[in-house]
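S.K.: Dumping the structure here so I can ask a few things about it.
The values are calculated or read from the model by the stated rules, or taken from the named source; none is laboratory data. Please read all numbers here as calculations on a predicted model, not as lab measurements. So basically every Cβ, Gly included, is an ideal-geometry build from the backbone, and we count neighbours across all protein chains shown. Side chains are part of the model used for accessible areas, which takes the heavy atoms of the whole protein and leaves out ligands, DNA and RNA. Shrake-Rupley method; radii C 1.70, N 1.55, O 1.52, S 1.80 Å.
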Amino acid sequence: MVVVGADVHKRTHTFVAVDEVGRKLGEKVVEATSTGHRQAVRWARTQFGVELVWAIEDCRHLSARLERDLLAADQKVVRVPPKLMALTRKSARTRGKSDPIDALAVARAYLREPDLPIASHDEVSRELKLLIDRREDLVGQRTSTINRLLWRIHELDPSRAPKPASLDLAKHRSLLGDWLSTQSGLVAELARDELADITRLTEVINALAKRIGERVRVIAPALLAIPGCGELTAAKIIGETAGVSRFKSEAAFARHSGVEPIPVWSGNTAGRVRMTRSGNRQLNAALHRIAVTQIRLEGMGQTYYRHRLTEGDSSTEALRCLKRRLARVVFHHLHTDERTRQQPCQPAAA
């Protein structure tokens, strides 16, 4: 087996092939286009045969097109977290940083961690990921605009500052707009423009949230049944998971999510653990939101959390244990939803 590590950039991709023990066999640089990707596949097949594994640094938008082209060419593709690649590069004997060095580190990272999840096509998760990422970008733009507007209002009249986190509501925007219409000067003019931008962004954000919710209710009813898992959180989980079937077990899913406990003890601190920092931070944040919500609600999550506290865990350790438990629950619910989508509709009984 030959592993081809890929260091991806906007204009070029660098590939380095290694054997099963990590010895470098060759390297190639191609343009970051479908034509360049096909050239890389032909090069690898000609030089090293058909038994190939493509290890790609998981850089989201930079690596998405490369993944699709490789999967369309019937290649085996795995995603390597950037932190895992960086750790491998630091431990290498070759110092410095370059595209070939990074590609070599990606390939060797896969050899050190052969259980990384296999990449796969999943139109459902890709659709939700695109929608949820777009909404989050717009929320960031709205937050930035609100901050600028608040400084304008402070300059005009500090006592007119709106309540915190209130400008996403039409009522408060209307009240503020009525007052700004009575003000003169350039600062007031800019404030009115920014308020109009906030209104426009809010309308688009709400429309996206509605669209995401309608889609999630159809494809993930089991996931939504988890207490504390709302529609946006469910969409985030599905989008970042990118197909639950690519994980061989719930433990692999937990590790990918960054909630797998790893030992950090020595001497008198025997048994202490912490969460891995090399997992998917977006999935970790989604599980964290569910866990924090369940702690406040009556139910199994709160019961388990309190049980961990009575066993001597700190609040942080108990929360970590709850997140690991939730990863198992989410994994099984994702499988349930996937099986439901794949099974044909059963005719109603006569």
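S.K.: GNM on the chain, C-alpha springs below 10 Å: top fluctuator among Ala252, Ala44, Ala207?
M.R.: Of Ala252, Ala44, Ala207, the Gaussian network model singles out Ala207 as fluctuating most.
S.K.: Okay, moving on. What is the ratio of the Cα radius of gyration of the chain to 2.2 N^0.38 Å, where N is its residue count, to two decimals?
M.R.: 1.21
S.K.: Then there is this: Just to confirm the number: angle between the C-alpha axis of helix 99-112 and the first principal axis of the chain, 0 to 90 degrees, nearest 10?
M.R.: With rounding to tens, the tilt is 80 degrees.
S.K.: Continuing with the same structure: Would you please give the FRET efficiency between Arg68 and Ser314, computed as 1/(1 + (r/R0)^6) with r the Cβ-Cβ distance and R0 = 41 Å, to the nearest 0.05? Mind dumping the intermediate values first?
M.R.: On the way: r = 44 Å, r/R0 = 1.08.
Computed FRET efficiency for Arg68 and Ser314 comes out at 0.40.
S.K.: Using just the helices of the chain, give the 222 nm mean residue ellipticity in deg cm²/dmol: DSSP H runs with n ≥ 4 each add -39,500 (n - 2.57), and the total is spread over all residues, rounded to 500. Intermediate results must be reported in sequence, preceding the final value.
M.R.: Values: 13 runs with 207 residues, N = 350.
After summing the helix terms and dividing by residue count, I get -19500 deg cm²/dmol.
S.K.: Determine which lysines satisfy two conditions relative to Lys323: a Cα distance under 24 Å, and not lying fewer than 8 residues away in the same chain.
M.R.: Cross-link targets: Lys83, Lys129, Lys236, Lys248.
S.K.: Right, another one. If you count only protein heavy atoms with a 1.4 Å probe, what accessible area per residue comes out for region 142-264, rounded to a whole Å²? Could the numbers behind the result be given before it?
M.R.: Values: 6250 Å² over 123 residues.
On a per-residue basis, 51 Å².
S.K.: Give the relative contact order (percent, whole number) for region 164-251; include only Cα pairs under 8 Å separated by 6+ residues. Provide the component values of the computation, followed by the final result.
M.R.: Details: 33 pairs, mean separation 16.5, N = 88.
RCO, region 164-251: 19 percent.
S.K.: Can I ask one more? Between His172 and Lys210, with labels modelled 7 Å along Cα→Cβ, what's the label distance in nm to one decimal, could you check?
M.R.: Placing both labels 7 Å along Cα→Cβ, they lie 2.2 nm apart.
S.K.: Taking the chain as a Gaussian network, Cα atoms linked when under 10 Å apart, which of Ser278, Ser245, Ser144 shows the biggest mean-square fluctuation?
M.R.: Ser144
S.K.: When the gyration tensor of region 129-272 is built from Cα positions, what are the square roots of 5 times its three eigenvalues, in whole Å, from largest to smallest? Intermediate values should be presented prior to the final figure.
M.R.: Numbers: eigenvalues 360, 96, 29 Å².
Equivalent ellipsoid of region 129-272: 42, 22, 12 Å, largest first.
S.K.: Roughly speaking, to the nearest percent, how much of region 1-115's 1.4 Å accessible area is carbon and sulfur? Intermediate results must be reported in sequence, preceding the final value.
M.R.: Values: 2930 of 6000 Å².
Carbon and sulfur: 49 percent of the exposed surface of region 1-115.
S.K.: To continue, here is another question. So what's the gap between the Cα centers of region 204-223 and region 155-195, to the nearest angstrom?
M.R.: That distance is 31 Å.
S.K.: What percentage of the solvent-accessible surface of region 168-259, computed with a 1.4 Å probe over protein heavy atoms, is contributed by carbon and sulfur atoms? Each step should come with its number before you reach the end.
M.R.: Details: 2250 of 4140 Å².
Carbon plus sulfur share of accessible area: 54 percent.
S.K.: At 0.36 nm per residue, minus the direct Cα-Cα distance, what do Asn268 and Glu113 gain on full extension? Give it in nm, one decimal, please. Walk me through the numbers on the way to the answer.
M.R.: Working: separation 155, 0.36 × 155 = 55.80 nm, distance 3.03 nm.
Here the segment from Asn268 to Glu113 would lengthen by 52.8 nm.
S.K.: So if each residue of separation counts as 0.36 nm, and I subtract the Cα-Cα distance between Thr303 and Trp151, what length gain in nm does that give?
M.R.: Here the answer is 50.2 nm.
S.K.: Please give the helix 300-310 orientation as an angle from the longest Cα principal axis of the chain, in degrees from 0 to 90, rounded to the nearest 10.
M.R.: Helix 300-310 sits at roughly 80 degrees to that axis.
S.K.: Given a 1.4 Å probe, how much area per residue of region 1-87 is accessible, in Å²? If you can, show how the numbers build up before the last one.
M.R.: Details: 4300 Å² over 87 residues.
Result: 49 Å² per residue.
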